[in-house]
Amino acid sequence: MAAALVTERLTRRFGGVLALNDVTLEVAAGERHAVIGPNGAGKTTLFNIISGEVLPSSGRVLLDDRPVTGLAPHKIAAAGVARTFQRNNLLFNLSALENVRLAVQAHTAATRRWLTPTARLRDLREAALALLARVGLEARAALAARALSYGEQRQLELAIALAGRPRVVLLDEPTSGMSPAETAAMTALLSRLGRDQTLVIIEHDMDVVFAVADRITVLHLGQVLARGIPEEVRRHPRVREVYLGAPPPVRP
Ligand SMILES: Nc1ncnc2c1ncn2[C@@H]1O[C@H](COP(=O)(O)OP(=O)(O)O)[C@@H](O)[C@H]1O
Ligand SMILES: [Mg+2]
């Protein structure tokens with residue numbers, strides 16, 4: 001499978017802190033890739049570099065083999081990278097449908113602008129409803145975003161991120177602050193999202209990681225400590241030691 005996203009030997013220093021140290025990552029098209037590691041491991045810095053908010057000290061990022069390092073965040077977004085944040089950035093007084101409709105409108109290609117205003121509105125509305133259905137919020141379309149539960153607001157953010165049909169979606173702790181029921185709903189949603197989008201997920205909840213991820217990269221002190229399919233990572237002695245909280249298996 002072709003790589004949708006590659007980071008090549010990314011290094012980033014903040015003063016004396018080496019936040020990322022020589023991080024190479026390859027994510028195949030359609031893959032669900034989890035990035036895990038203790039606080040301060042460099043996970044958010046990795047996302048900030050991929051989305052263009054932070055420049056690497058060295059190394060580069062490729063999207064479908066095209067280098068994007070140094071492009072402004074909006075150019076990288078236009079090249080197919082969407083991101084959800086831990087902080088909600090919804091328009092709370094507008095309905096769920098309106099929130100998604102505005103996002104779809106912002107991404108509407110010039111090729112569709114020939115439609116009459118009425119047809120365009122219908123078109124946008126249908127696209128927005130389809131996105132709400134994808135994240136399981138079709139029944140909540142008419143509610144103001146502020147009337148949604150916290151978990152539903154996070155689902156709505158995902159619908160907004162999907163509005164531009166991104167190639168790659170970066171999810172920074174999609175279940176943080178959620179109740180167990182909300183976490184289960186988000187996990188199910190991510191699992192059934194379909195393979196049109198490549199997902200890279202920073203997540204602390206190992207149940208979510210093991211349910212969703214095809215492959216996992218473990219960061220520790222800015223470096224790749226381990227990578228592989230979930231079973232390999234789960235059994236990795238150093239990962240158990242520094243992250244999963246269990247002592248390494250006793251040697252016979
Ligand atoms: N803008 C910044 N300025 C200075 N130090 C930073 C900045 N961003 C991150 N760091 C440092 O880089 C390291 C990695 O941080 P971060 O990428 O946020 O880790 P994680 O998301 O894995 O918790 C930490 O030591 C953090 O303090
Ligand atoms: Mg972080």
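Results, tabulated for the structure shown:
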{"read-out": "Meets criteria (away from ligand 1 (no atom under 16 Å from the Cβ) and outside the structural domain of residue 204 (by TED's automatic domain parsing)) for residue 132", "value": "yes"}
{"read-out": "The range 207-246, residues that are under 14 Å from residue 38 (Cβ atoms), touching a strand residue (DSSP E or B) at 6+ places or on another chain (Cβ under 7 Å) and among the basic types (Lys, Arg)", "value": "238"}
{"read-out": "Wholly within the range 20-104, strands (runs of 3 or more DSSP E) carrying at least 1 residues that are within 14 Å of ligand 1 (Cβ to nearest atom)", "value": "32-36, 81-84"}
{"read-out": "Residue that is surrounded by the most Cβ atoms within 10 Å (Cβ to Cβ) [pool: residues in the range 36-73 that are in contact (Cβ under 8 Å) with a residue 60 or more places away in the chain and of a type in the set (D, E, K, R)]", "value": "43"}
{"read-out": "Qualifying position, being within 20 Å of residue 242 (Cα to Cα) and of a type in the set (Gly, Ala, Ser), among 37, 59", "value": "37"}
{"read-out": "Residues located in the range 178-211, provided they are part of a loop (DSSP other than H, G, I, E, B), within 16 Å of ligand 2 (Cβ to nearest atom) and without any contact (Cβ under 8 Å) to a residue 60 or more places away in the chain", "value": "205"}
{"read-out": "Residue 141 being outside the structural domain of residue 41 (by TED's automatic domain parsing) and on the phi < 0 side of the Ramachandran plot", "value": "yes"}
{"read-out": "Sole exception among (1) assigned to a loop (DSSP other than H, G, I, E, B); (2) touching a residue at least 60 places away in the same chain (Cβ under 8 Å) for residue 171, by number", "value": "(1)"}
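The values are calculated or read from the model by the stated rules, or taken from the named source; none is laboratory data. Given the structure is predicted, the values throughout are model-derived calculations rather than measurements. No Cβ is skipped: glycine too gets one built from the backbone with ideal geometry, and neighbour counts run over all protein chains shown.
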